[in-house]
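Heads up, the thing below is written out as structure tokens.
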Amino acid sequence: MENTNHPLLHWIPYKLIEKDNQVYFEWIYLGGREYTDPFFDETISKCKSHPYNSKVVRVLSTVENLVDWSKELISVELKSLVFHVSRCGSTMLSQSLVTSSENIMISEAPIIDQILQSDIFDFDEKDVLIKAVIMLLGQERFPQQKNLIIKLDAWHIFNAVQLRSIFPELPFMLLYREPTEVLKSHQKMIGMHMVPGVLAPRIFGITTHTIKEIGFKQYGALVLEKYFQALIDFYATDKNVLLCNYNDGMKSVLERFISFVKIEYSNDEVIQMFERLKKHSKNVNTVFKGDFFTDEALVVDFKQLKILHEKLNSTIDSV
């Protein structure tokens, strides 16, 4: 079976629409564009100017359509899910991996998050939909494509158990970083998950009462505590997991990842990946000279974060 003449080739679902207790998926045409941007949303934005996507009429399907159609296309083999705590090198990792034409790298696709957070679907329905959406996103569009790698949103570590039930044999990667550096990066440009109320606090296991008690600045530290604890808990119970520390160097992280997922690349491909690590993760035209943080102190309580960070470090050291 080939995808070559299939009418859905280059079409992907990219948005979940809930209206009047009904659920639809909106689709977009990729044409010849690959997922080479730092984030999935950037690729989608570029695709919207295509004539197929510029019409007033939107392309929608039902849940049943999506599941059925996912079985009609060949998907590239899914090789790993990448979990991370944000600002810890996950984008640098994904951008180095996309230098290989054999890789399809999906970075933080909102449709995956929409399914995981939806209250309309039960646990089993989410399993079916996640699998179907990933198959469609990872459809084999070009003959050289062999490996599909999904980088999730930072808060999806709280869905790791469910994702493990969907993909019982799949290698999972967990990536973290020294907590002061993570929070100082958010101090420069804050991510939405570090702002109280932008994402439902229940996602992190945080109550509204707690938010009122700790204040804005401590909230980001608490979110990071929750990430660290979730990494520790999942790693303790799952045997097919690679735990990596950004502070060990991204070259080391990349080498360990390639070895862990058992993908064989040519020497030239690996050299290209290492070269990409020398550039800024979000701008291939800029040389990466390291992160520069201000001397301004972070006015947060680091006690619990330091304990959890030390636990993660000792876990890696004991492997």
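Table for the structure above
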item: Answer from 86, 80 - the residue that is in contact with a helix residue (DSSP H, G or I) (Cβ under 9 Å, 6 or more places away or on another chain) and part of a strand (DSSP E or B); result: 80
item: Verdict on residue 234 being outside any strand (DSSP E or B), in contact with a Leu (Cβ under 9 Å, 6 or more places away or on another chain) and closer than 20 Å to residue 172 by Cα; result: yes
item: Hey, residue 292 more than 30 Å from residue 146 (Cα to Cα) and exposed (fewer than 11 other Cβ atoms within 10 Å of the Cβ) or not; result: yes
item: Residues of the stretch 233-273 that turn out to be in contact with a strand residue (DSSP E or B) (Cβ under 9 Å, 6 or more places away or on another chain), more than 21 Å from residue 148 (Cα to Cα) and not polar (S, T, N, Q), as a count; result: 4
item: Cross-chain or 6+ apart pairs with Cβ under 7 Å, the stretch 176-196 first and under 14 Å from residue 292 (Cβ atoms) and in contact (Cβ under 8 Å) with a residue 40 or more places away in the chain, then among the basic types (Lys, Arg) and surrounded by 20 or more Cβ atoms within 10 Å (Cβ to Cβ); result: 185/87
item: Any hit, the stretch 267-287, residues being surrounded by 18 or more Cβ atoms within 10 Å (Cβ to Cβ), touching a helix residue (DSSP H, G or I) at 6+ places or on another chain (Cβ under 9 Å), modelled with pLDDT of 95 or more and in a loop (DSSP other than H, G, I, E, B); result: yes
item: When residues of the stretch 54-80 are limited to those that are closer than 30 Å to residue 92 by Cβ and in contact with a Phe, Trp or Tyr (Cβ under 9 Å, 6 or more places away or on another chain), the one surrounded by the fewest Cβ atoms within 10 Å (Cβ to Cβ); result: 78
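The values are calculated or read from the model by the stated rules, or taken from the named source; none is laboratory data. The structure presented is a predicted model; accordingly, all values stated were derived computationally and were not measured. Please note: Cβ atoms are built from the backbone with ideal geometry, for glycine as well, and neighbour counts cover all protein chains shown.
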